[in-house]
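> Just passing along the structure, written as structure tokens.
The values are calculated or read from the model by the stated rules, or taken from the named source; none is laboratory data. If you're wondering where the values come from, they're calculated on a predicted model, not measured in any experiment. We place every Cβ from the backbone using ideal geometry, glycine too, and count neighbours over all the protein chains shown.
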Amino acid sequence: MKRTLALALLISLPAAAQNAEAQKALTRFTELRPGDDDLAMYRLDWADDLAEAQKRASKEKRPVLLVVIHAKYGDMITGHC
Amino acid sequence: MLKEFVVVSWHGHRDDKDIPEVVQEVWAAKFKPGPGGGQQSNVDACVLDAQGKLVRKWDAMTPRKSGGRPEPLTGGALAGHWRDNLAEARKTLGLGEPGEPRPVKLPGLPEGTDSAIRVFTRLNDKGMPAYYAPVVEVVPMETEDWALLAVPAKPAKLEASAFLPWLSKMFPGGVMERTDQVTKKVYDVTGAKGELLLEPAGVKGELKFALLHGNVTLTDSGGGEFSYSGELSVVVEYRGGKVAGLKGTFEGRYPRTSPQGGREFDITGVFERVVPAAR
């Protein structure tokens, strides 16, 4: 009986490449990885610095949005400041 | 509303040398003595035309008066403040109705690198939703860095410090109490402690998998008693004996201090391998 049940389970479950712990870790990765809505600032066309932004704006005839931060350090592109 | 724009940030102090002309123009108005002085945030936004001429400027978080006490705008009011100013700038520039936004394009591989680990970090501070916006860092990886994660034949113990280059990028942005009070520079994460286990975690065809897991404690260059800990779980995928993929998480608690006392918040890190996009 037990053997039949085990065989039935084996057939009904899809073959997982990873063991249970790794599967759990991958599920958690999917749950925690930020989605596009959370990463909306990466929809913007960022330039590395003001000189590059103005050079591109002039060449491509586009406006510039400049964010000015009164602080010694900060990196808007990564978010670390 | 920003599809047509090149976007950039600049930071500095009023006593810095070589402040760009446009910043001087913005700050000349911002710091002009008069009514409203002292009620501004430290962030301004401005729109320039293609020739670099200032079209519109605004305080990024204009304080509003609530019972006489100025407070920064938040949530929908803050978004509305930006929308209104951008709409005016668009009108001045003759841009018409905004089109569909661009697709998300995350920071990719730095020039001259073949692979990297991308790190997303979030601090779940309900009182400060900005901390929940993910910080995204990309850490270049060399062959010897991947060799630390070589496919294990049996469970192997590894020190968390071996993975400091990418673990060290997992700290929240804007945490002022972890900033050097003299230089104003954010402390670097300089220590990773904990015994991790890298163990085989399955096979599928020519693919092999391993799981790297364990508790990690991180410390920074600010010293003192400060540290934060959490559980690291990383699945490594191998093809032909070489690392072909990596997906992982860190779930821990991050202590913050304020004049009102200390509190801990959930911190999450997410890690993924980055390789050149297929052509």
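> Among the residues of the range B:163-181, is any among the charged types (D, E, K, R), at the interface with chain A (Cβ under 10 Å from one of its Cβ atoms), closer than 19 Å to B:Phe265 by Cβ and touching a residue at least 24 places away in the same chain (Cβ under 8 Å)?
There is at least one residue in the range B:163-181 that is among the charged types (D, E, K, R), at the interface with chain A (Cβ under 10 Å from one of its Cβ atoms), closer than 19 Å to B:Phe265 by Cβ and touching a residue at least 24 places away in the same chain (Cβ under 8 Å).
> In the set A:Leu44, A:Leu39, A:Leu66, which member is facing chain B (nearest Cβ under 7 Å), within 20 Å of B:Asp16 (Cβ to Cβ), surrounded by 15 or more Cβ atoms within 10 Å (Cβ to Cβ) and not β-branched (Val, Ile, Thr)?
On the way: A:Leu44 fails: within 20 Å of B:Asp16 (Cβ to Cβ); A:Leu39 fails: within 20 Å of B:Asp16 (Cβ to Cβ).
Among A:Leu44, A:Leu39, A:Leu66, only A:Leu66 is facing chain B (nearest Cβ under 7 Å), within 20 Å of B:Asp16 (Cβ to Cβ), surrounded by 15 or more Cβ atoms within 10 Å (Cβ to Cβ) and not β-branched (Val, Ile, Thr).
> Assess whether B:Gln40 counts as being outside any helix (DSSP H, G or I) and modelled with pLDDT of 95 or more. Walk me through how you get there before you give the answer.
Details: outside any helix (DSSP H, G or I): yes; modelled with pLDDT of 95 or more: no.
So B:Gln40 does not fit the description; no.
> What tally of residues in the range B:4-31 results from selecting those that are in contact with a helix residue (DSSP H, G or I) (Cβ under 9 Å, 6 or more places away or on another chain), assigned to a loop (DSSP other than H, G, I, E, B) and within 8 Å of chain A (Cβ to nearest Cβ)?
Residues flagged as in contact with a helix residue (DSSP H, G or I) (Cβ under 9 Å, 6 or more places away or on another chain), assigned to a loop (DSSP other than H, G, I, E, B) and within 8 Å of chain A (Cβ to nearest Cβ) within the range B:4-31 amount to 5.
> Moving on to the next point. If you check every pair at least six apart or on different chains, which have Cβ atoms under 7 Å apart with a residue in the range B:246-258 that is touching a residue at least 60 places away in the same chain (Cβ under 8 Å) first and a residue that is aromatic (Phe, Trp, Tyr) second?
B:Leu246/B:Phe271; B:Tyr254/B:Tyr228; B:Tyr254/B:Phe265; B:Arg256/B:Phe265
> Here is a further query. For residues in the range A:47-63 being over 20 Å from B:Gly108 (Cα atoms) and more than 7 Å from chain B (Cβ to nearest Cβ), which is surrounded by the most Cβ atoms within 10 Å (Cβ to Cβ)?
This residue is A:Lys55.
> A further question follows. Regarding the range A:5-15, can at least one residue be identified that is modelled with pLDDT under 95 and either surrounded by 13 or more Cβ atoms within 10 Å (Cβ to Cβ) or facing another protein chain (nearest Cβ under 8 Å) (or both)?
yes
> Shifting gears a bit: Kindly indicate which of B:Arg263, B:Arg273 is at pLDDT 95 or above, of a type in the set (D, E, K, R) and within 24 Å of the chain's Cα centre (by Cα).
B:Arg273
> Please enumerate the residues belonging to the range B:1-20 that are charged (D, E, K, R) and without any contact (Cβ under 8 Å) to a residue 12 or more places away in the chain.
B:Asp15, B:Asp16, B:Lys17, B:Asp18, listed by residue number.
> Tally the residues that are at pLDDT 90 or above, more than 28 Å from the chain's Cα centre (by Cα) and of a type in the set (Ser, Thr, Tyr), restricting the search to the range B:63-115.
Total satisfying the criteria: 1.
> So if I check each of B:Ala156, B:Ala192, B:Ala162, which one is among the hydrophobic types (A, V, I, L, M, F, W, C) and either farther than 18 Å from B:Leu218 by Cβ or touching a Gly at 6+ places or on another chain (Cβ under 9 Å) (or both)?
Every option except B:Ala156 fails the conditions.
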